[in-house]
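Participant: I am attaching a structure below and will ask some questions about it afterwards.
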Amino acid sequence: MVAAAWLLGLAAMFVAARHLLSAWVAGALTLCAALWTLPLSPHPLPSWYNLFLALFGVAAVLQWLRGRRRIWLVAAGAAAGASVAVKIVGLYFVAAVLLFFVWQVQDDVRGAPEGRRSAARGYAWMVTGGLLGFLALVVQLVRSELTVNTVLHFIVPNVLLVGALLWREWRVP
């Protein structure tokens with residue numbers, strides 16, 4: 001079962017890499033992944049399935065970017081749900097996709113149309129609350145092991161990401 005999931009995961013990785021890279025480079029990257037993943041540790045661990053499902057989800061989100069067809073969002077959501085069902089760390093993929101969509105909406109919408117400024121401000125406050133809630137969850141996740149390393153590895157990158165998203169959200173008139 002893990003070998004079949006691995007092969008499908010490699011296909012998803014190639015599809016995702018092909019969105020960003022040339023065919024040769026995407027193929028080389030997929031070959032590296034084929035050699036340095038499952039063959040090195042062929043035990044059917046749940047985290048392997050989380051990896052493969054995240055690859056399916058990323059490929060689906062990238063397909064959605066290309067044509068904006070909702071079926072790809074459904075596929076990404078199904079992959080995320082299956083990943084959470086396998087192991088709760090699938091929520092990391094869910095969080096990553098939600099943060100990506102905040103960024104994507106900011107790229108898609110440049111400014112509020114006239115007469116909709118209050119709705120835009122309401123949305124900005126909702127996004128702000130969601131991002132601050134995300135930061136609170138990250139801090140809650142690592143608070144029992146709060147050392148310099150955990151702050152540098154977990155809290156600082158997320159604070160920088162949330163700061164960038166909030167800056168982008170509030171700088172649009």
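Participant: In bins 5 Å wide, starting from 0, what share of all Cα pairs of the chain does each bin hold, as a percent?
Facilitator: Whole-percent P(r) values from 0 Å outward: 1, 8, 13, 15, 16, 18, 14, 9, 4, 2, 1, 0.
Participant: Next question, about the same structure. Between residue 136 and residue 104, 0.36 nm times their residue separation minus their Cα-Cα distance comes to what?
Facilitator: This chain segment gains 9.3 nm when fully extended.
Participant: Then there's this: Nearest 20 debye, what's the magnitude of the dipole of the chain about its Cα centre given +1 on Lys and Arg Cβ and -1 on Asp and Glu Cβ?
Facilitator: 460
Participant: Could you compute the FRET efficiency for residue 47 and residue 123, with r as their C-beta to C-beta distance and R0 at 35 Å, rounded to 0.05?
Facilitator: It comes out at approximately 0.45.
Participant: Please list, by residue number, everything in region 65-102 whose backbone N is under 13 Å from a paramagnetic label point 7 Å out along Cα→Cβ of residue 1.
Facilitator: Counting backbone N atoms under 13 Å from the label point, the list is 86-87.
Participant: Additional query: Solvent-accessible area of residue 154, probe 1.4 Å, all protein chains present, reported in Å² to the nearest ten, please.
Facilitator: My reading of the accessible area for residue 154 is about 100 Å².
Participant: How far is the Cα center of region 1-39 from the Cα center of region 63-97, in Å?
Facilitator: Centre-to-centre (Cα) distance: 18 Å.
Participant: Considering only 153, 40, 73, whose Cα is most displaced toward the positive end of the charge dipole of the chain, charges sitting on Cβ of Lys, Arg (+1) and Asp, Glu (-1)?
Facilitator: Working it through, the farthest residue towards the positive pole turns out to be 73.
Participant: Please sort 134-147, 77-90, 39-52 by packing, taking for each peptide the average over its residues of neighbouring beta carbons within 10 angstrom, highest first.
Facilitator: Per-residue mean Cβ counts within 10 Å order the peptides as 77-90, 39-52, 134-147.
Participant: Still on this structure: Summing Lys, Arg as +1 and Asp, Glu as -1, what charge do residues with Cβ under 14 Å from the Cβ of residue 77 carry, residue 77 excluded?
Facilitator: +2
Participant: Any idea what log10 I(q)/I(0) is at q = 0.15, 0.17, 0.21, 0.28 Å⁻¹ for region 14-90, Debye with uniform C-alpha scatterers and no solvent?
Facilitator: Taking Cα atoms of region 14-90 as identical point scatterers yields -0.59, -0.73, -0.98, -1.15.
Participant: Hey, what did the chain get for relative contact order, percent, Cα under 8 Å, at least 6 apart?
Facilitator: About 17 percent, as a whole number.
Participant: Related question: Protein chains only, probe 1.4 Å: how do 1, 126 rank by accessible area, largest first?
Facilitator: So the residues, ranked largest to smallest area, are 1, 126.
Participant: Just to confirm, what accessible area per residue do you get for the chain at 1.4 Å probe, in whole Å²?
Facilitator: So the chain comes to 63 Å² accessible per residue, rounded to a whole number.
Participant: While we're on this one: Report Rg (one decimal) and Dmax (nearest whole number) for region 41-137, counting Cα atoms only, units Å.
Facilitator: 16.3, 59
Participant: Per residue of the chain, what 222 nm ellipticity follows from adding -39500 (n - 2.57) for every DSSP H run with n ≥ 4, rounded to the nearest 500?
Facilitator: For the chain, the value works out to -26000 deg cm²/dmol.
Participant: I've got another one for you. Heavy atoms only, 1.4 Å probe, whole protein assembly: order 155, 71 by accessible area, highest first.
Facilitator: Largest to smallest exposure gives the sequence 71, 155.
Participant: How do 152, 166 rank by accessible surface area computed with a 1.4 Å probe, from largest to smallest?
Facilitator: Largest to smallest exposure gives the sequence 152, 166.
Participant: Given labels modelled 7 Å from the Cα in the Cβ direction, how far is it in nm from residue 24 to residue 71?
Facilitator: Taking the two extended label points, one gets 3.4 nm.
The values are calculated or read from the model by the stated rules, or taken from the named source; none is laboratory data. Nothing here was measured: the structure is a model prediction, and the numbers come from that model. As a convention, Cβ positions derive from the backbone with ideal geometry for all residues, glycine included, and neighbour counts pool all protein chains shown. Note: accessible area is taken over every heavy atom of the protein model, side chains too, but ligands, DNA and RNA are not part of it. Shrake-Rupley method; radii C 1.70, N 1.55, O 1.52, S 1.80 Å.
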